[in-house]
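Throughout, read-outs are computed from the coordinates displayed, never taken from laboratory work. Every value quoted in this text rests on a predicted model; they were computed, and no experiment measured them. Cβ sites come from the backbone with ideal geometry, for glycine too, and all protein chains shown count toward neighbours.
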Amino acid sequence: MIDHVSVGVRDLERAGRFYELALAPLGLSRLVTRPAAVGFGKSYPEFWINLRANMTPVAPGSGVHICLRAKSAGEVDAFHLAALNAGGRSDAAPGLRPHDRVRYYAAFVIDPDGNRIEAVTFPSDDPEAPR
């Protein structure tokens, strides 16, 4: 249904370094580098960062976020830690989030430009996830 997503960034080099580190625990790596865009993925670029040099930081209450699937709670934890170490901020620490119809384990980070990125896994599919 969705082929790829992208977020705007003000500094492509800085954002490229951030996402290389933050996405590595999820198995995504830099696959394409263009003058104004970088594509990350496993076998094709499914997550892009696009240079928007005059962009203002994303408003904290915008409600926009991108969610990426992790294979395990360990990957979610590693994504969160890697993003923080790469200069991101935590928007919600890794943890179980029970809801009416689904239980999931997730973490949310904010990149240096204010983009909100989530990593998620589902405990029934994940032997590492807390019960």
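What fraction of the DSSP beta bridges in segment 1-54 is antiparallel, stated in percent and rounded to the nearest 5?
Numbers: 10 of 15 bridges.
About 65 percent, rounded to the nearest 5.
Could you give me the ³J(HN,Hα) list for segment 34-50, computed from phi with Karplus coefficients 6.51, -1.76, 1.60 and θ = phi - 60°, whole Hz, x at Gly and Pro?
Each residue's phi maps through the Karplus curve to give 10, x, 10, 7, 9, x, 10, x, 9, 10, 8, x, 10, 10, 10, 10, 10 Hz.
For helix 73-85, report the angle its Cα long axis makes with the longest principal axis of the Cα atoms of the chain; keep it between 0 and 90° and round to the nearest 10°.
With rounding to tens, the tilt is 40 degrees.
Within a 10 angstrom radius of the beta carbon, how do Ser124, Ser43 rank from fewest other beta carbons to most? It would help to have the intermediate numbers written out before the result.
On the way: Ser124 10, Ser43 6.
Result, fewest neighbours first: Ser43, Ser124.
So what is log10(I(q)/I(0)) for the chain at q = 0.09, 0.13, 0.14, 0.17 1/Å, when the Debye sum runs over its Cα atoms only?
So the normalised log intensities work out to -0.25, -0.51, -0.59, -0.86.
Using Cα-Cα distances under 8 Å and only pairs 6 or more residues apart, what relative contact order does segment 35-126 have, in percent? Mind showing how you got there, number by number?
Numbers: 149 pairs, mean separation 25.7, N = 92.
Normalised by residue count, the contact order of segment 35-126 is 28 percent.
So what's the convex hull volume per residue for the Cα atoms of segment 28-75, in Å³? Could you put the intermediate results ahead of the total?
Details: hull volume 4.9 nm³, N = 48.
It comes to 103 Å³ per residue, whole-number rounded.
Taking the Cβ of each residue in Glu46, Glu118 as the centre, tally the other Cβ atoms inside 10 Å and list the residues starting with the fewest.
Numbers: Glu46 17, Glu118 20.
Lowest count first: Glu46, Glu118.
Share of antiparallel DSSP beta bridges in the chain, in percent to the nearest 5?
The antiparallel fraction comes to roughly 70 percent.
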